[in-house]
Structure formats: C-alpha cells, structure tokens
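Let me begin by presenting the structure, written as structure tokens, before commenting on it.
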Amino acid sequence: PSRGRRILGWAGALTVLGAAALGGMAIYREFADRYYTEDPSKKTVVILGSGWASMSVVKDLDVSKYNVIVISPRNYFLFTPLLPSTTVGTVDTRSIVEPVRAYCRRLGARSARYYEAEATDIDFENKKIYCEVKDISGLKHGDGKFDLSYDYLVVGVGSVNNTFGTKGVEENCNFLKEIDDATRIRERIGDVFETASLPGISPEEKKKLLSFLVVGGGPTGVEFAAELSDFLHTDVARWYSELIPYVNIKLVHSPDHLLNTYDAKISEFTEKKFKDTKIDVLVGSRVLEVRPGEVEVYDKSTKSKYVLPFSLCVWSTGISPAPLVSKLAPKIKEQVHSKLLMTDKYLRLLGTDHVFALGDCSTVVQPKLMDRFMDLFKRADRDGDGTLSKAEFTTVITQLAPEYPQLSLYADKIGRIFEEVDKDGDSRVSEEEFRELFKQADMKLKSLPATAQVASQQGKYLAKLLNSGSCEDWETFKGPSFKYNHRGSFAYVGGNSSVAEIGGKAFGGFLTWWLWRGVYLSEQVSLRNKVLVASNWAQTFFFGRDISRF
Ligand code: FAD
C-alpha cells in the first residue's frame with residue numbers, strides 16, 4: 001500500500017480505538033458507577049440546599065476524600081440572574097436549571113447522593129439532621145420523615161421573600177424568586193392579554209386589565225419591568241397591537257432612586273431609560289397595603305396616600321433568611337443574631353462543631369468586632385469572675401462607642417442600659433448578658449451583599465478548605481480565610497441596554513448589554529445550559545417570544 005493509505009489506515013485504527021475507549025468509559029460510568037455506596041473509610045459531608053452556595057461546594061468537592069449527600073426540596077440548581085427573562089419568555093425556564101443529580105453524577109455517582117427533602121432541624125451535639133419529604137403527589141413513604149448523620153455539615157438554605165409585614169402581599173402579589181413564580185407571572189401576562197382582547201371589554205376594563213405594577217426598584221424589580229416593557233414593545237405590538245394604548249407599567253420604590261445601591265450614574269441612566277420606554281417610576285413611595293386589584297401607596301414628598309389599580313403586581317422588595325435559620329440560631333449560645341447564621345472568617349458556624357454556613361442565610365462576622373467586644377469585656381473584668389460591675393461596664397461602652405455608631409446611641413444612657421442588660425438584677429453583667437447587648441445594639445452584621453457572586457465564591461472556598469483536610473482539627477484550625485472578590489454588578493434595563501458597575505466605574509448602554517449577555521452565557525453551569533440560553537436568545541431575536549398559553 002502507498003504511504004498515504006498507510007497513514008489513513010493508522011488514523012482509522014486510532015479513531016476506532018479512541019471511540020472504543022470512550023464508549024467503554026461511558027458504559028463503565030453508566031453501569032459500574034451507578035449506585036451510591038457509602039465508603040465507611042471516608043468522612044460524610046452533608047450539604048443542605050441546591051442553590052449558588054451549596055452547588056459550588058458540590059462542584060469542587062474531592063470525592064476521593066468524602067462521601068457527599070445533598071439534601072434540598074428543589075432538585076435543581078437555578079441560575080437566578082436570568083429568572084426575570086423567563087417571565088415573558090425571552091429565555092425558557094428549562095434553559096436556566098441544572099439537575100442536582102447532574103452535579104452528583106459529575107462527581108461520580110458512587111460517591112455523591114441526592115435526597116429531595118427539607119431539613120427541618122439539626123441536632124448539633126449528636127451531628128444529626130432531621131428531614132421531611134414534601135408530599136408532592138401522594139407518594140410520600142410513611143410519615144415522610146428521616147434523619148441522617150454527618151461528619152461535616154454545610155448549611156446553604158438561602159432566603160425567602162421579605163414583605164416587611166405589609167398587609168395583603170402574600171394573598172395578592174406575585175414574587176420572583178423561584179421557577180414557579182416566573183411561570184405564574186408568564187401565565188398571568190398571557191391571561192391578561194387574551195382577556196383584554198375578548199369582545200365586550202370596555203376601555204376602562206382594558207386599562208385596568210393592562211395595568212402592571214412592580215414594587216421594589218432593586219435589580220430584580222428593575223429587570224422584570226425592563227423585560228415586560230421589551231415584551232410590550234415587540235411582541236404585544238405585533239400580536240395585540242390594538243391593546244397598546246391601554247397598557248401601563250408602574251414601578252413603586254421607597255428610596256429616592258432606582259438601583260439605589262449602585263453608582264448614582266447607573267440610577268440616572270436607568271431612570272432615563274425607563275422614561276423613554278414609558279415605565280412610570282414612582283420613587284419615594286411606599287406601599288401601605290395590597291388589596292385585590294389595588295395597592296394603597298404613601299407618597300413621602302407630599303405626605304399623602306393614593307391608590308393604584310393592577311392586574312399583576314410583582315413584589316420584589318428584598319429577602320429574609322430561610323425558616324430553618326430562625327429555628328437553628330436560638331439553639332446556639334454564640335448565635336446572637338436572630339435573623340442570620342453567624343460564621344467566622346472560615347465560614348465555620350459559630351458555636352458548633354464541624355458545621356459551615358454560607359450564602360444568603362449566613363453572615364461572616366467581622367472577627368475584629370466580635371473579638372473586640374469580648375476582648376474589652378475580659379480586660380474590663382479586673383477580678384476575672386466573668387462579670388462586669390456598672391463602672392466596668394461603663395468603661396467598655398464608652399471605649400466602644402466612638403468605633404461603632406450603633407453603640408453611641410447607648411453611650412449617654414448607660415445607667416438604663418446596664419439595668420436592662422442585667423437581666424437577673426444582681427448588679428453584675430455576665431458574659432452572656434453582655435452578648436445580649438451585642439444583639440440589642442442591632443449591629444449591621446451582614447458584612448457582604450446577599451448575591452450569587454458571594455454565595456458561589458464562598459462555596460468554591462469551602463470546597464477547597466474541605467479538600468485540604470485542614471479543618472478536621474476544628475478548634476485549632478488556622479488557614480487562609482474567605483476573601484470576597486467583587487467582580488462587578490450588572491442589571492438589564494430594557495431596550496437592549498444594560499448597566500454595569502465594574503472596578504468602581506459605571507457603564508450603561510448597548511455594548512454593556514452585550515457584555516452582560518456574554519458574562520451570563522459564560523457563567524452558565526453546563527454546556528447544555530449555554531446552548532439552550534444562546535438558542536433562546538436567537539429564537540427571540542428571529543421569531544419573537546412565544547405567546548402560547550398552556
Ligand atoms: P439559594 O440560591 O436561594 O439556594 C437555597 C437552596 O436551599 C434552595 O435550593 C432551597 O430549595 C434550599 N433550601 C431551603 N430550605 C431548605 C431546607 N430547610 N433544607 C434543605 N434545603 C433547603 N445575585 C447576583 O449576584 N447577580 C444577579 O444578577 C442576581 N440576580 C437575581 C435575580 C433574581 C430574580 C433573584 C431572586 C436573585 C438574584 N440574585 C443575584 C441573588 C442570588 O440569586 C442569591 O444571592 C443566591 O441565590 C444565594 O444563594 P444561596 O445558595 O445562598 O441561596
């Protein structure tokens with residue numbers, strides 16, 4: 001045979017061999033590595049939650065060292081930054097989720113396991129987690145309860161919507177936090193337009209039906225309003241053009257500017273963009289009550305109340321930690337914050353053994369703050385009996401007040417505070433009572449923002465820490481602490497425009513929108529997600545959003 005044929009022959013043989021090897025590996029993964037079997041020689045890490053924090057721990061864990069068990073009532077990871085895009089169909093809901101089982105699979109099914117359940121309680125002393133299965137379709141086995149033991153526990157249970165106790169919100173508003181919320185909003189939007197298109201609907205009824213209200217001008221509220229406005233300007237204009245004159249979007253926001261945690265230029269850009277796209281922005285306004293089909297609003301500048309009608313009201317005013325947190329925190333003496341799980345700089349849950357907490361449900365306590373409190377307590381406690389007299393207590397508070405503005409409020413009322421803190425009335429303040437003051441002072445303990453960026457960086461850090469094995473010796477462990485690296489913030493503001501704050505600089509416009517898309521596409525957690533999101537964007541561009549209702 002000629003030289004060319006010989007080369008071709010070899011190339012063919014190598015291709016067949018390569019394909020056979022890949023096939024063999026696939027078959028091995030399919031059959032040999034299918035079942036989770038706990039290896040008693042390895043420690044077991046139990047991870048609660050399937051959000052940004054927990055899944056970034058799972059992704060990087062070294063399963064040659066650990067058995068991994070994930071427990072979450074949600075059997076998928078959700079890429080929340082694109083959730084607003086799913087409310088009008090710019091992106092499909094299935095494109096931005098990734099099954100937890102896919103994460104476990106990547107680790108090797110033999111070493112990682114997932115249970116669809118909710119952790120209801122934790123016995124920190126006996127290292128036990130109590131779980132309950134949600135009865136989704138009458139398939140619950142027995143009472144649906146079970147418990148598990150752990151060597152290491154990772155708590156990443158996230159947050160729930162915060163209504164600030166506003167009357168009528170739960171009953172009459174939609175939230176935007178989970179896939180179900182986005183699906184409900186999309187259905188409602190479809191419903192509203194089809195109903196308004198029916199014969200016999202008066203212009204007044206059309207106006208009311210097509211009144212959309214967003215409460216909260218943070219990133220989620222702004223992005224939802226922007227997506228809705230895009231939908232109106234493109235798809236509604238195409239399919240329901242006769243309804244356009246009746247449509248209105250209003251955004252009610254309590255502070256004086258939209259996106260008020262961002263640079264002022266970004267707020268300005270967004271407000272101008274919203275003006276151009278006919279979104280009415282009502283800043284300095286607070287919703288007092290939500291009733292079916294209307295909200296009562298208080299305008300801070302005129303100090304008057306007024307009523308706004310709506311057919312869809314999306315409530316997005318912030319978050320509070322998951323219910324499990326309020327159950328766990330009071331059980332641990334060191335947890336003096338009732339709303340968040342406090343950790344040290346290594347994300348170790350204060351007052352526990354081999355438990356970590358991360359993401360929205362937790363806060364890293366500035367070590368200096370806590371240390372300084374207790375350090376001054378110990379120094380003031382001259383006789384070393386673990387309590388302070390009124391004079392010693394006064395010294396501590398006056399020393400701390402200039403450093404912590406919250407405490408300066410207390411400095412001129414030390415006598416009264418001392419009596420309040422001294423719960424048992426023995427004229428001495430114990431360490432425990434002193435910690436209670438720390439709680440009363442309501443320190444702004446949430447030192448990092450509640451974002452996906454923080455949660456995923458914490459997860460990555462924790463996986464590395466666990467893989468290093470250095471935290472086994474819990475009490476004496478010392479190593480690199482968690483350091484947050486802020487890579488910038490984005491928000492989509494509609495009309496193919498985004499805003500961004502990167503490296504302390506503000507950007508806004510069409511190019512920023514491309515950057516926004518590029519970043520979110522690259523951040524998708526799997527190739528499948530990347531392909532689906534990119535193809536959804538292309539579909540929307542070429543064919544518009546799908547308006548079918550089912
Ligand atoms: P989550 O991601 O909320 O995950 C919590 C997990 O715990 C869930 O799987 C939940 O089912 C599970 N869980 C709850 N209770 C229990 C229990 N008892 N037992 C076991 N499991 C439990 N951040 C950004 O940085 N950039 C953005 O652009 C951005 N956009 C956003 C847009 C929207 C619409 C929303 C809602 C949020 C956005 N965020 C963004 C914020 C970001 O999503 C959160 O900060 C992030 O999800 C926090 O991660 P987490 O893992 O702590 O919580």
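Looking across the stretch 160-173, just one residue is surrounded by 20 or more Cβ atoms within 10 Å (Cβ to Cβ) and not in a loop (DSSP other than H, G, I, E, B), and that is Val169. Yes or no: Ser267 outside any strand (DSSP E or B) and free of Cβ contacts under 8 Å to residues at least 24 places away in the same chain? For Ser267, the condition - outside any strand (DSSP E or B) and free of Cβ contacts under 8 Å to residues at least 24 places away in the same chain - is met. Considering Phe477, Phe550, Phe490, Phe482, the condition of being buried (at least 19 other Cβ atoms within 10 Å of the Cβ) and part of a loop (DSSP other than H, G, I, E, B) is satisfied by Phe482 alone.
If the condition is being farther than 30 Å from Pro81 by Cβ, in a helix (DSSP H, G or I) and not polar (S, T, N, Q), then the stretch 174-208 contributes Ala196, Pro203, Glu204, Glu205, Lys206, Lys207, Lys208.
Note on the stretch 52-104: residues that are under 30 Å from Arg188 (Cβ atoms), more than 9 Å from the ligand (Cβ to nearest atom) and in a helix (DSSP H, G or I) amount to 6. Mind checking whether some residue in the stretch 130-141 is touching a Leu at 6+ places or on another chain (Cβ under 9 Å), more than 16 Å from the ligand (Cβ to nearest atom) and without any contact (Cβ under 8 Å) to a residue 60 or more places away in the chain? For the stretch 130-141, residues touching a Leu at 6+ places or on another chain (Cβ under 9 Å), more than 16 Å from the ligand (Cβ to nearest atom) and without any contact (Cβ under 8 Å) to a residue 60 or more places away in the chain: absent. Of all residues in the stretch 511-525, those satisfying the criterion of being in contact with a strand residue (DSSP E or B) (Cβ under 6 Å, 6 or more places away or on another chain) and at pLDDT 95 or above are Thr512, Trp513, Trp516.
The values are calculated or read from the model by the stated rules, or taken from the named source; none is laboratory data. The model shown is predicted, which means the values in this text are computed figures rather than measured ones. Every residue, glycine as well, gets a Cβ built from its backbone with ideal geometry; the counts of neighbours run over all protein chains shown.
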